[in-house]
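Below you'll find the structure, written out as structure tokens, and then a few comments.
The values are calculated or read from the model by the stated rules, or taken from the named source; none is laboratory data. On a predicted model such as this, the values are computed, not experimentally measured, just so you know. Here the Cβ is made from the backbone with ideal geometry for all residues, glycine too, and neighbour counts use every protein chain on show.
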Amino acid sequence: MKRLVIFSDGASKGNPGDAGIGVVIFDAKGIEVRTIADYIGKTTNNVAEYTALIRGLAEAQKLGATHVDICTDSELLVRQLTGAYKVKSANLKPLFEELMALLRAFQGAQIKHVMRGQNARADELANEGVKKHRQDARNSSIASDAE
């Protein structure tokens with residue numbers, strides 16, 4: 001059995017706005033084995049939260065996990081995945097289905113809501129994805145102006 005712990009977070013600057021995802025994956029001993037910080041385009045915070053966890057689960061599969069412990073500060077995500085809330089948003093339904101399919105691929109999965117402070121590293125990475133995109137866009141604009 002290979003157990004990994006996934007911390008995930010999504011950020012949207014404007015909601016909807018520039019959005020990023022952050023994922024930190026730890027092994028059973030608490031050693032950080034993978035991080036993800038990416039820009040995902042202009043979207044909502046909830047879409048970013050879902051996308052972050054999808055990426056985290058896909059990465060855990062690549063790393064050979066059989067069991068995952070998921071930690072997120074998105075109360076909506078946790079409540080929808082545990083069935084406490086229905087998924088009513090049309091743009092979240094396909095992401096929910098994708099997440100459920102990914103979860104079924106593991107022998108065991110637990111999800112828990114954590115306070116924002118406990119998810120600080122994933123939050124930092126989500127914001128890093130947005131910042132990197134904005135910096136790249138500024139640099140591209142400066143290069144275009146110089147031509």
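General remarks:
- Unique match (being part of a strand (DSSP E or B), at pLDDT 95 or above, more than 11 Å from the chain's Cα centre (by Cα) and more than 20 Å from PHE106 (Cβ to Cβ)) among GLY41, GLY22, GLY10: GLY41
This table checks each residue for (1) polar (S, T, N, Q); (2) under 30 Å from ALA137 (Cβ atoms).
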position: ARG3; (1), (2): no, no
position: SER12; (1), (2): yes, yes
position: ILE25; (1), (2): no, yes
position: ASP38; (1), (2): no, yes
position: ASN46; (1), (2): yes, yes
position: SER74; (1), (2): yes, yes
position: ASN91; (1), (2): yes, yes
position: LEU99; (1), (2): no, yes
position: VAL114; (1), (2): no, no
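- Residue within the range 116-129 that is more than 12 Å from ASP9 (Cβ to Cβ) and crowded, with 16+ Cβ neighbours inside 10 Å present: no
- As a summary of the residue check, ALA48 satisfies the conditions (1) within 13 Å of VAL68 (Cα to Cα); (2) crowded, with 19+ Cβ neighbours inside 10 Å except for the one numbered (1).
- In this entry, THR43 passes the filter for residues that are farther than 21 Å from GLY30 by Cα, touching a residue at least 24 places away in the same chain (Cβ under 8 Å) and buried (at least 18 other Cβ atoms within 10 Å of the Cβ).
- Checked against the criterion of being modelled with pLDDT of 95 or more, loosely packed, with under 15 Cβ neighbours inside 10 Å and at negative phi, the candidates ALA146, ALA84 yield just one match: ALA84.
- Residue within the range 57-76 that is part of a loop (DSSP other than H, G, I, E, B), surrounded by fewer than 19 Cβ atoms within 10 Å (Cβ to Cβ), in contact with a strand residue (DSSP E or B) (Cβ under 9 Å, 6 or more places away or on another chain) and at positive phi present: yes
- Qualifying residue in the range 80-94 (condition: touching a Lys or Arg at 6+ places or on another chain (Cβ under 8 Å) and not in a helix (DSSP H, G or I)): yes
- Residue in the range 107-119 that is touching a helix residue (DSSP H, G or I) at 6+ places or on another chain (Cβ under 8 Å), among the charged types (D, E, K, R) and part of a helix (DSSP H, G or I) present: yes
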